[in-house]
Every structure is written in structure tokens, then in C-alpha cells.
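Worksheet: the structure to be examined is printed underneath.
The values are calculated or read from the model by the stated rules, or taken from the named source; none is laboratory data. A quick note: this is a predicted structure, and the numbers were derived from the prediction, not measured. Using ideal geometry, Cβ is built from the backbone for each residue, glycine included, and neighbour counts are taken over all protein chains shown.
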Ligand SMILES: Nc1ncnc2c1ncn2[C@@H]1O[C@H](COP(=O)(O)OP(=O)(O)OP(=O)(O)O)[C@@H](O)[C@H]1O
Ligand SMILES: [Mg+2]
């Protein structure tokens, strides 16, 4: 048998080690016990909560009312509420403490921090909302053109061809979006096997310039590629690095008008290799700069959509670069151009 003192020490030890804040109040609503987490939550020093009423330590009316309600009714109650600071969300559980005759002696209030879980839920539902919206746009357009064709437009062969090519472009966009989403989720879940090897970023860049050569010459863009005679290699997955470079160069081409200029620079700065792609294009407003790496974010939705954009390119870039321990950055001025940069550690 444990003595009362031993029992009390054991309860204290359990309460102290708990992550949740626990407060025990007597019938008059005075605090008779509070653990360390509760002192942290209510910003009190050790022992300071004892003897206080709930309304002396918290301004959250909901909690004050819950406690007096349980003291009166003897039924337990739950709620989820914001605490101070208002960004913190807690699940609060108040249970009555009863003696052998079922008479209420007091209440125990437990505060469990659910901020991270709720923020994650919100991010996930925003993401699902975004994806559904983005998928619905091309589908609506495809359906519209198919209906018009069925209504008779198919009889005119020029109109028919035009509508079919729009449908083809929209279908391509859907496919691209789904490919991008899959590649993003496989990078995020780290399920894709990253195969890092020493690579020469100048060589990878040249490959990408060759791939995008037709788009560059079609828009009469002048491209300069500047790099030092010797440059250390970096450790990266060559295919993923290719995806990064192709997305950045593709944007520079897409968002720069005809006859514009693109300057690509690779250089060493201390222990890093910095690659920048600057263009003389339309630029990005200052307030949009922090958001361009977000999924689906496009400065000008309509314009990007006309170009077949899904708004996923830069979020893929950021994920790949960061999963290699590198960094991304951007600077831009509306009407003058943009510079996107990535940095990797040298071997
Ligand atoms: N070089 C650039 N100049 C001006 N704006 C740019 C540039 N690069 C990106 N942006 C802006 O950032 C947005 C996000 O770019 P991102 O590459 O993620 O998507 P996207 O190009 O619209 O579509 P995609 O998924 O096909 O790449 C673009 O819609 C555009 O508004
Ligand atoms: Mg892009």
C-alpha cells in the first residue's frame, strides 16, 4: 500500500511529465493543483496558480463558463478554442471529480495543443480545393467545346478543327498538371529514389538550352551563358537537376517578350555554386515575390493559363533544390525583368 504522501508524489510526477496542461479546481472554483505545462500555458511562475480563480488567469470566456457549468451540472464537456496567443488552438476537456456518494468535489481541466494538427488539416483541405479548381477549369472548357461541336459546329470543318485543337491543348494541360502533381508528391514523400552523383551544372544547363532551343529562336531571344573556365562539380540527381533548370529557363522564355534577352550565369561563391537566370521580361510585382514558389500561384492567372501554365513549375523547383540541401531565390522589377537563382554546395 502506498502512503498518502507517496501517492501524492506519484501524481505530481505524472502531472509534471505531461505535455498537456492540467488544472484541478475545488468546489469554489479555486485552483488546488496545476502542472508545469499549465504554468507555461497561463504564463505563471511556479506555484503562482494555486488559489486563483479561472477568470483571474484566463480571458477566454468559453473556458471560464465551461468550468462553472461542470461544477454545477456534474457533466463533462469538451471544446476546441483559441488561447493566447490567438494562433494557438487547444482542445479543452473539463471533467467533474466526484466522491463516493457521487457528490461533486471539484473539476479537472485538461488543455491539449492541437495547433499543428489543425493547421495541417487546413493546408490539406486548401490543397484539395486548389487541385479540384485547377482540374475543373480545363474540363469545363473541354465540355463546352464538345457540346458546341455536338450541337452542329462539327459540320463546319474549319471550326471543327479549331475546336478540336483547343480540346487537344486543354487535354495536354490536364495531363501536364497531373504529371507535375505526381512528381511533386513523389519528391515530397521522398519515395522517388534520388540518385546523387557529381555533376557539372554547366553541362546540364547546355543540355537544357538545346532542348528549349526551338522556343528560344522562335521568340528571337538573345541568350548569354556566362561561366568561369573551371567550376567545381556539385552532387545532385541529374534528372531532377534537369527538371529544375528546364522550369527556370522555360519561365524566362515564356514571360519575356520577343527580342528580349536572357542571361544565365554560373559562378562559385565560397562553398556554393550559384546559378542565376535573368530575363528582360515582364517582371513580378514585389508583393507577389514571396508567393511565386507556392503551388498553383500565378501572378496573372489568365496569361499563364493561355501559355499552358499550371503554376506548379516553381514549387517543383523549390522542392528539388531544397531536397538537395540547396536554396532558391528571386528578385524582380515589374517591366524590367526577373532573376531566379539556385545555389548548391560544391563537393
Ligand atoms: N521569369 C519570370 N518572369 C515573370 N514572371 C514569372 C517568371 N517566372 C515565374 N513567373 C511568375 O510566377 C508564376 C509561377 O511560376 P510557375 O513556373 O510555378 O508556374 P507557370 O509558369 O505559370 O506554370 P508551369 O507549371 O507550367 O511552370 C508564373 O505564373 C508567373 O506569373
Ligand atoms: Mg513555369
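Quick notes on this one:
- Scan of segment 259-281 for residues that are out of contact with any strand residue (DSSP E or B) (no Cβ under 6 Å at 6 or more places or on another chain), modelled with pLDDT of 95 or more and not in a strand (DSSP E or B), ordered by number: 259, 260
- Hey, residue 335 on the phi > 0 side of the Ramachandran plot, within 25 Å of the chain's Cα centre (by Cα) and at pLDDT below 95 or not: no
- Checking each residue in segment 288-327 for being at pLDDT below 90, near ligand 1 (Cβ under 7 Å from one of its atoms), within 26 Å of residue 236 (Cα to Cα) and not in a loop (DSSP other than H, G, I, E, B) picks out no residue at all.
- Test: residue in segment 271-280 that is surrounded by 14 or more Cβ atoms within 10 Å (Cβ to Cβ) and near ligand 1 (Cβ under 8 Å from one of its atoms): yes
- Complete set of residues in segment 243-262 that are away from ligand 1 (no atom under 12 Å from the Cβ) and out of contact with any helix residue (DSSP H, G or I) (no Cβ under 6 Å at 6 or more places or on another chain): 258, 259, 261
- Residue 15, sole failed condition from (1) under 37 Å from the mean Cα position of the chain (by Cα); (2) assigned to a strand (DSSP E or B); (3) surrounded by 14 or more Cβ atoms within 10 Å (Cβ to Cβ): (2)
- Residue that is farthest from ligand 2 (Cβ to nearest atom) [pool: residues in segment 223-242 that are out of contact with any helix residue (DSSP H, G or I) (no Cβ under 9 Å at 6 or more places or on another chain) and more than 20 Å from residue 272 (Cβ to Cβ)]: 224
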